[in-house]
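Everything below concerns the one structure shown next.
The values are calculated or read from the model by the stated rules, or taken from the named source; none is laboratory data. Predicted model, so just to flag it, every value in this text is computed and none were measured. All Cβ positions, glycine included, derive from the backbone under ideal geometry; neighbour counts span all protein chains shown. Note: areas computed on protein heavy atoms with side chains; ligands, DNA, RNA excluded. Shrake-Rupley method; radii C 1.70, N 1.55, O 1.52, S 1.80 Å.
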Amino acid sequence: MRQRALEQLPPPLPPRRGGLPGGLLRTARPRQWVKNLLVVAAPAAAGQLLTRHALTQLPLVFALFTACAAAVYLVNDARDAAADRAHPVKRHRPVAAGQVPVPVAYATGGALGLLAPLLAARLCGPSLAALLTAYLALQLAYCLSLKHVLVVDLAVVTTGFLMRAAAGGLALGIPLSRWFLITTGFGALFMVAAKRYSEAVQMAGRGGATRALLTEYTTGYLRFVWQLAAGVAVLGYCMWAMEDGGGPHTGLLPWRQLSMAAFVLAVLRYAVFADRGTAGEPEDVVLRDRALALIGLAWAGMYALAVAHW
């Protein structure tokens, strides 16, 4: 039955300009690369972002993680090419549109998936290579089957964000704080669940044609998940900020504690879009909303001052 449904989908769109190289680049999702900036999170939290070692290693870690993510996108789009043609937006993806042949997408994705961990082992150490290998295995399992498993799909996507945040710390040998992991993990779950909620709202009545699992979730359940995750992320961040709150601060002001206000405001502002059902891609929400961007800059400034003890 599924095969018959796929055969009835619209044919590929005419290829766009740019040819095969341009199609491969678009399939690698350049706009999604901003997520890989999370590799600087652990070094920034530890106050080691501007060391010579970090400045040489982190760009490499970013590039390697980007290659791994691109490999997953290529394999995913090759596998879902037929189904993507039923989606009003995804039908324009290069593989679904016929600009990138399915075998080429598989071959390019496989090559990137093999080279990235090998280069990581040689240039950054075995810990990062193991993390990238685990990321690839988890994400490919997601593409093949886990994205069809209720709740597990949310956990896998969230883990991908958490692995990005941990990568920089592993590459530089920085211990990862428990509060850092809790805040990052539940902050990621908040955005993932908000995105699923938005998809469920926007694709109501036809979600099964594009992401079948959406029909298994209720909007009430997804709302519960993102609200729970937002609360735990805020709690985790506040615990980090107040960890040394009882002692004297060494800077001009208690920046760690003050940064809680900006962090909470950012979560509340993002929740506005989640509640409306318009929190699609997290990077689109962050980059397009001026108020959220300003709040983010204010938080980053206070966070930097706290780490630097100014």
Quiz item: Can you give the FRET efficiency for L60 and L181, using 1/(1 + (r/R0)^6), R0 = 30 Å, r = Cβ-Cβ distance, to the nearest 0.05?
Solution: 0.85
Quiz item: About the Cα centre of the chain, what is the dipole size in debye to 20, counting +1 per Lys and Arg Cβ and -1 per Asp and Glu Cβ, all else neutral?
Solution: 740
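Starting from 0.36 nm per residue, how many nanometres of slack lie between L20 and H309 once their C-alpha separation is accounted for? Can you show the working numbers first?
Numbers: separation 289, 0.36 × 289 = 104.04 nm, distance 4.99 nm.
Taking L20 through H309 to full extension adds about 99.0 nm, to one decimal.
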Quiz item: Which one, (1) 44, 42, 38; (2) 69, 47, 33; (3) 60, 52, 41, gives Cα extents along the principal axes in Å as derived from the coordinates shown?
Solution: (2)
Quiz item: Using 0.36 nm per residue, how much length does the chain from A111 to A137 gain when fully extended, once their Cα-Cα distance is taken away?
Solution: 7.9 nm
Practice problem: Taking only protein heavy atoms into account and a 1.4 Å probe, give the accessible area per residue of the chain in Å². | Solution: 50
Quiz item: What nm value, rounded to one decimal, do you get for the distance between A300 and M242 when each label is placed 7 Å out toward the C-beta?
Solution: 2.8
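Pop out the carbon and sulfur fraction of the accessible area of the chain as a percent, whole number, probe 1.4 Å.
Working: 10640 of 15640 Å².
Answer for the chain: carbon and sulfur cover 68 percent of the accessible area.
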Quiz item: Most fluctuating residue of T158, T108, T27 in a GNM of the chain with Cα springs under 10 Å: which is it?
Solution: T108
Quiz prompt | T51 versus R276: modelled label distance in nm, points set 7 Å from Cα along the beta carbon direction | solution = 4.3
Self-check item: Centre separation in Å (Cα based) which lies between the stretch 263-310 and the stretch 38-109
Solution: 23
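Which of the helices in the chain meet the span-like rule: DSSP H, Cα axial reach of 18 Å or more, Kyte-Doolittle mean at least -1.0?
Details: long enough: 52-79 (42 Å, 0.90); 102-123 (31 Å, 1.41); 126-144 (27 Å, 1.52); 152-172 (30 Å, 1.47); 178-202 (36 Å, 0.52); 219-242 (34 Å, 1.08); 255-276 (32 Å, 0.77); 290-308 (27 Å, 1.63).
The qualifying helices are 52-79, 102-123, 126-144, 152-172, 178-202, 219-242, 255-276, 290-308.
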Self-check item: Nitroxide proxy distance, nm - points 7 Å out along Cα→Cβ at L150 and L253
Solution: 4.8
